[in-house]
Structure formats: C-alpha cells, structure tokens
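The values are calculated or read from the model by the stated rules, or taken from the named source; none is laboratory data. These numbers were taken from a predicted model, which means no experiment stands behind them. Here the Cβ positions follow ideal geometry from the backbone for every residue, glycine too, while neighbour counts run over all protein chains shown. Accessible surface is based on the protein model in full, side chains and every heavy atom, while ligands, DNA and RNA are left aside. Shrake-Rupley method; radii C 1.70, N 1.55, O 1.52, S 1.80 Å.
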Amino acid sequence: MADARLTTSSFLVLGIIDKLGDASAYDVKVEAGRTVAPFWSVPHAQVYAQCDRLLAAGMLTQVRQESRRNRRVLTLTDEGRRALRQWLADPEFVPVEARERGILKLWFGARPEQLAPAQFAEHESILGKYGQLAEDVGELLTPGQREALEFGIRYERMMVDFWDWVRRRDERASGR
C-alpha cells in the first residue's frame, strides 16, 4: 500500500514520531497537543486512525510492549522517513483556511457589540500565553519551531487588532 494518499495529518504523525524517535499513538496525541495544536489541531481519534493507515502503508513499524498494557510503539520506516523528507522539501502553497467562528458569526449577522469584547479578550489571552512561551523556552526551540511560534504571536496580534477595530465600529461610523 505504498501509494497511500498522505494528508497533512499523516505528515503531522510522521513528523512527531520522527522527532520523538518512537512513540505510541497516545504519545503522538500528547505531543501534538503540547506543540502544534495552536496552529494545527488534530482530533485524537484521527491520530489513532492515521497511525493505523501509516502502519498499513508501510510508513511505520510497530513493536508491542507487553509490560505496558500491550502498548504499541511506532517507528518510522525508511519509506516513512523518505515521504516526510519529500513533503518537507515541497514548497507547494496551500491557502490558509482561517476557521474563526467569530468571523463566521459576523458574516451571518452577529451583533459586534456582543461578540467583539469576548473575541478580543480571548485572542489577547492567547497572545499573552504565546508571549510567555517565547520568553520561557524560546532559546530551546529549533529555528523552525521558533518561527512557528512567531507565526502564532503575529496571528494573535492581528486578531487582537481586528477585534479592537470591530469593537470600534460605532466610532468609525460616526467619524470620531
């Protein structure tokens, strides 16, 4: 099954297992939640399904650890490592799909005076968390990880600015 169609979630699993060396599906889920979830979330059921698909496709191998509740530990095969490296080297552009519920609600007529304060506060809170993370572990991150964190910081900064702008709709309308 070497011609299996790999998705971004497939590469997320391959990338995390590559970084960890070997991992259970649970380890992948935890590491994804700890690291990439702010910019690429993946439901835990999808992690388990991807592990099974990648195993069947020959991209992963598994060893059962009987001492730990028959836990299966997954490792990249040469084929999995090769697929990951090819994906990392592919400069293809895929437009971002910003799945912001607040924006969708605005589109369908939500009242900005009700929506904007909560959205502003949440994005400001996330921005603070990212800033704290950069301060706490910024030097320990690889350049790519630091750049991904910087993306999160800049995105949240933009969302804070946007919701502040929405909050000031009445001011803009009256020309104040």
Item checked: Portion, in percent, of the accessible area of the chain that falls on carbon or sulfur, probe 1.4 Å -> 54
Checklist line | Calculated FRET value between GLU122 and ALA173, using beta carbons and R₀ = 22 Å, to 0.05 | finding: 0.35
Margin query: Taking 0.36 nm per residue of sequence separation and subtracting the Cα-Cα distance, how much length would be gained by fully extending the chain between VAL94 and VAL30, in nm to one decimal?
Written below: 20.4 nm
Note to self: At 1.4 Å probe radius, can you tell me the per residue accessible area of the chain in Å²?
What the structure shows: 68
Check: Hey, of [x] 20.1; [y] 18.8; [z] 15.4, which did the structure itself give for Kirkwood radius over Cα pairs in Å when calculated?
Finding: [y]
Check: Roughly how many nanometres apart are two label points built 7 Å out from the Cα toward the Cβ at VAL137 and THR8?
Finding: 2.2
Notebook entry, point to check: Using mean Cβ contacts within 10 Å as the protection proxy, how do 84-95, 151-162 order, highest first?
Noted result: 151-162, 84-95
